[in-house]
Amino acid sequence: MRLHEYQAKEVFADAGIPTPDSQLAGTVEEAVEAAASIGYPVAVKAQVHVGGRGKAGGIELADSESELRDAADAILGMDLKGYRVERVLVEAAVDFVDELYVGVTMDRGRGRPVAMVSTRGGVDIEEVAAEDPDAIAREHVDPAFGMHPFQARKAVYEAGVDRDVAGDVASILRTLYQLWDERDGSDAEINPLMITSAERDAADSASDEREVIAADAVFNVDEDALFRQPELAEMEDEAGTGDELERKADEYGFDYVRLDGDVGIIGNGAGLVMTTLDLVDYYGGDPANFLDVGGGAKAQRIANALDMVFSDDNVESVVFNIFGGITRGDEVATGINQALEQFDEIPKPVVVRLAGTNAEEGMAILNEELVTVEDTLEEAVKRAVEYATTEAEA
Amino acid sequence: MSVLVDEDTRVVVQGITGGEGRFHTEQMLEYGTNVVAGAVPGKGGQEVAGVPVYDTVQGAVREADADASVVFVPPAFAADAVFEALDADGLELVVAITEGIPTQDMSRVYRKLEETDTHLVGPNCPGVITPGAAKLGILPGNVFSAGRVGVVSRSGTLTYQVVDNLTQRGIGQTTAIGIGGDPIIGTDFVDALALFEADPETDAVVMCGEIGGEDEEEAARYIGEHMDTPVAGFIAGRTAPPGKRMGHAGAIVSGSGTGTAQSKIAALEDNGVPVGDTPEEVADRVEDLL
């Protein structure tokens with residue numbers, strides 16, 4: 001689960017990571033009020049779950065109320081890479097001299113957390129990682145001990161962070177790791193972590209020290225750990241996420257990805273469903289979706305899956321590929337019957353292939369007047385592709 | 001011979017009194033698996049399907065001589081159950097079926113695993129089966145047949161599919177290992193391939209991978225450098241769009257060229273592993289190798 005920037009900043013600020021003053025706004029007037037209380041200049045930032053918001057026009061700076069009105073008006077309601085912007089974060093613009101990247105994630109290859117620091121902040125860190133991996137200092141953490149203070153210092157010095165702020169950055173990195181660890185993060189990132197100019201601060205606060213401040217915040221939570229993170233689970237905020245079908249899939253609890261084709265695909269187990277997609281493509285068709293009902297699906301869940309796929313107007317035919325292990329063929333067949341018997345006329349042809357646990361029982365139950373049954377994966381996919389082609393022509 | 005499990009393997013089922021634990025214990029017994037104990041805190045002294053239940057895994061090892069464990073414990077408590085199994089003296093194998101264990105819990109389990117000689121298979125996996133001898137997990141036994149091909153796969157149902165294609169044309173299996181699709185797992189491709197390489201009864205191996213991560217690329221290098229036993233491969237997810245997560249935690253394509261089906265297929269082929277375009281073709285490739 002991804003937190004929005006404004007939520008991640010709340011979490012970071014509560015933990016003691018400095019963040020700029022900011023307020024959430026859903027209308028231009030709210031944005032004007034927010035900016036008036038924060039003071040210009042401000043940044044106006046779209047709150048949607050997409051990367052590269054700046055480049056896509058989702059972040060604008062405003063020096064005055066008229067600029068702010070223009071920026072908020074342009075961003076609110078805009079379509080950002082397929083996501084409608086419903087709220088913006090209005091935030092004090094930071095006068096900075098340098099931008100850093102700090103992040104914590106799981107290194108799946110090593111089975112250990114890894115903390116990262118780079119002086120190449122403010123840009124797409126994946127590009128930096130690909131082009132110049134040495135520009136990112138990495139420190140693997142033993143999950144039994146947590147991050148030692150020396151590890152944070154080591155990462156910061158090896159990254160070449162300015163000595164003036166190295167201690168502050170190391171402290172932020174440790175705090176970020178602790179947050180990631182305690183709150184079951186999958187990714188925690190600050191990019192950019194801005195270093196302020198000493199001069200401005202000297203005027204403002206009678207200090208000539210530089211400071212560091214988190215100008216952006218990313219916190220993704222491990223979905224599997226939400227049961228023990230009730231506060232984060234409550235922050236689930238679907239505004240500006242996914243299309244209607246993907247939201248529906250979330251409600252049903254399916255792993256679902258919408259694609260461009262016309263052959264609807266339902267199966268059990270990610271690997272087998274992906275293989276079914278690949279076979280549709282192999283036999284000249286186009287997959288309309290990836291839908292994994294998961295392990296041990298009962299009849300109602302199967303019926304929900306059919307409802308999902310029928311809701312996609314692009315779908316011309318549906319193929320069910322179930323290989324039961326923990327999933328039972330009789331439950332699957334009952335669900336398919338339930339879902340189809342409610343129609344006077346089946347919306348699109350459905351091809352079913354059942355194998356594995358209780359497949360024979362399932363075949364006996366399955367109403368063959370409503371579906372086409374095939375014995376093998378290959379035959380089922382070929383038939384579904386054929387139906388999709390015929391339906392599309394009709 | 002076989003790897004990891006055989007007819008002598010003495011199994012303790014952790015979580016045997018739960019719905020899944022009970023059902024699959026019955027299935028395992030029916031298949032002929034030597035299930036000697038269950039372990040559930042507070043349920044010691046009970047019986048499930050004629051199998052005695054102990055309060056602790058250590059008790060099951062001591063009293064019933066268990067040497068392998070299968071974990072059917074709900075996700076919130078599963079990591080603790082695996083720790084308990086790794087801590088018990090005498091377990092050579094732990095198979096964790098549970099899906100949805102928090103990744104950070106698994107990171108700590110993995111850390112513990114580095115200090116032990118125990119094999120962990122999973123989590124989020126279908127288990128291990130030596131056809132005709134024993135199955136530890138949820139695999140549908142009737143799909144498998146005894147023979148001389150080893151199978152290792154990240155996806156449970158894809159394992160069944162590929163094995164079905166092999167069995168249909170009379171190619172039996174020594175052992176099939178479902179290693180699981182989670183980001184952090186115990187036994188990985190390289191570990192499983194090493195077991196098959198060392199097994200004189202395994203004449204060929206089928207390796208089923210998928211998009212995401214770099215485990216298949218690493219396995220391909222291992223095959224090229226260390227294996228004499230021939231391997232055939234399959235990679236799921238050729239049509240997966242970049243940036244989208246396809247079910248398994250690992251099954252996401254970054255879009256930067258690594259972790260894609262194409263990069264994995266190329267790595268395998270570069271190391272002499274023929275890759276089938278369909279599960280049917282994988283069976284063809286295995287036939288060519290035998």
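The values are calculated or read from the model by the stated rules, or taken from the named source; none is laboratory data. Values in this document were obtained by computation on a predicted structure and should not be read as measured data. Here the Cβ positions follow ideal geometry from the backbone for every residue, glycine too, while neighbour counts run over all protein chains shown. Accessible surface areas use protein heavy atoms only, side chains included; no ligands, DNA or RNA. Shrake-Rupley method; radii C 1.70, N 1.55, O 1.52, S 1.80 Å.
Assorted remarks:
- Selection within region B:157-167: residues that are farther than 16 Å from residue B:290 by Cα and open to solvent by 10 Å² or more (accessible area, probe 1.4 Å). The member of this set that is farthest from the other protein chains (Cβ to nearest Cβ) is B:164.
- Taken together, the criteria place residue B:228 among residues that are open to solvent by 10 Å² or more (accessible area, probe 1.4 Å), more than 10 Å from every other protein chain (Cβ to nearest Cβ), of a type in the set (D, E, K, R) and in contact with a helix residue (DSSP H, G or I) (Cβ under 9 Å, 6 or more places away or on another chain).
- Sole exception among (1) under 30 Å from residue B:120 (Cα atoms); (2) open to solvent by 10 Å² or more (accessible area, probe 1.4 Å); (3) touching a Phe, Trp or Tyr at 6+ places or on another chain (Cβ under 7 Å) for residue A:140, by number: (3)
- In region B:138-153, residue most open to solvent (accessible area, probe 1.4 Å) [restricted to those that are touching a residue at least 40 places away in the same chain (Cβ under 8 Å) and more than 21 Å from residue B:182 (Cα to Cα)]: B:148
- Search result, residues across region B:110-137 that are surrounded by fewer than 24 Cβ atoms within 10 Å (Cβ to Cβ), within 13 Å of chain A (Cβ to nearest Cβ) and touching a Gly at 6+ places or on another chain (Cβ under 8 Å): B:110, B:111, B:113
- Odd one out for residue A:351 among (1) in contact (Cβ under 8 Å) with a residue 12 or more places away in the chain; (2) of a type outside the set (Ser, Thr, Tyr); (3) assigned to a helix (DSSP H, G or I): (3)
- Considering A:43, A:34, A:72, the condition of being in a strand (DSSP E or B) and surrounded by 19 or more Cβ atoms within 10 Å (Cβ to Cβ) is satisfied by A:43 alone.
- A single entry from A:322, A:265 fulfils the requirement of being in a strand (DSSP E or B) and more than 9 Å from every other protein chain (Cβ to nearest Cβ): A:265.
- Restricting B:194, B:219 to residues that are under 17 Å from the mean Cα position of the chain (by Cα), surrounded by fewer than 19 Cβ atoms within 10 Å (Cβ to Cβ) and over 24 Å from residue B:33 (Cβ atoms) narrows the list to B:194.
- Scanning region A:295-313 for residues that are open to solvent by less than 10 Å² (accessible area, probe 1.4 Å), under 19 Å from residue A:272 (Cβ atoms) and in a loop (DSSP other than H, G, I, E, B) yields one hit, A:297.
- Within region A:132-191, considering residues that are of a type in the set (Asp, Glu) and assigned to a loop (DSSP other than H, G, I, E, B), the one nearest to residue B:112 (Cα to Cα): A:142
- Any hit, region B:222-230, residues being more than 26 Å from residue A:284 (Cβ to Cβ), among the small types (Gly, Ala, Ser) and in the same structural domain as residue B:157 (by the TED database): yes
- Members of region A:259-310 that are polar (S, T, N, Q) and within 18 Å of residue B:279 (Cα to Cα): A:268, A:275, A:276
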